[in-house]
1. I'm checking my understanding of the structure. Among residues of the stretch 43-65 that are assigned to a strand (DSSP E or B) and more than 12 Å from residue 85 (Cβ to Cβ), which one is modelled with the highest pLDDT?
2. Give just the number: which of (1) over 19 Å from residue 15 (Cβ atoms); (2) in a loop (DSSP other than H, G, I, E, B) does residue 68 not satisfy?
3. When both residues are 6+ apart or on different chains and their Cβ atoms are under 8 Å apart, which pairs have a first residue that lies in the stretch 43-70 and is at positive phi, and a second that is buried (at least 16 other Cβ atoms within 10 Å of the Cβ)?
4. Looking at the stretch 71-96 only, could you name the residues that are loosely packed, with under 12 Cβ neighbours inside 10 Å and within 11 Å of residue 11 (Cα to Cα)?
5. Do you know which residues across the stretch 74-96 are touching a residue at least 12 places away in the same chain (Cβ under 8 Å) and in a strand (DSSP E or B)?
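The values are calculated or read from the model by the stated rules, or taken from the named source; none is laboratory data. This structure is a prediction, so every number in the text was calculated from the model and none was measured. Cβ placement follows ideal geometry from the backbone for every residue including glycine, while neighbour counts extend to all protein chains displayed.
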């Protein structure tokens with residue numbers, strides 16, 4: 001299955017943190033915090049300004065981004081979890 005976000009929305013695959021912390025303690029799923037980092041999988045069709053012109057996206061497919069802990073819409077596609085967020089909700093792009 002393939003999904004194409006609409007408007008100024010972005011499909012992000014949350015990057016999972018390690019299962020074991022530095023001290024070697026295994027953290028159960030119920031105690032883990034939501035990931036704040038993700039990889040952009042697809043971008044929408046674009047937002048329109050008052051003149052009807054499309055505004056270019058600041059993020060592109062493949063970018064690593066920083067997202068708020070809570071926000072967006074969680075979706076499951078072919079068994080994998082993704083989030084659909086508005087581009088304006090993305091906090092930043094992580095550069096290596």
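1. Looking at the filtered set, the residue picked out is 64.
2. With (1) over 19 Å from residue 15 (Cβ atoms); (2) in a loop (DSSP other than H, G, I, E, B) applied to residue 68, the lone miss is (1).
3. Listed pairs, sorted by first residue: 46/8; 46/57; 62/39; 62/40.
4. Result: 73, 74.
5. Matches in the stretch 74-96: 75, 77, 80, 81, 82, 83, 84, 85, 86, 92, 93, 94.
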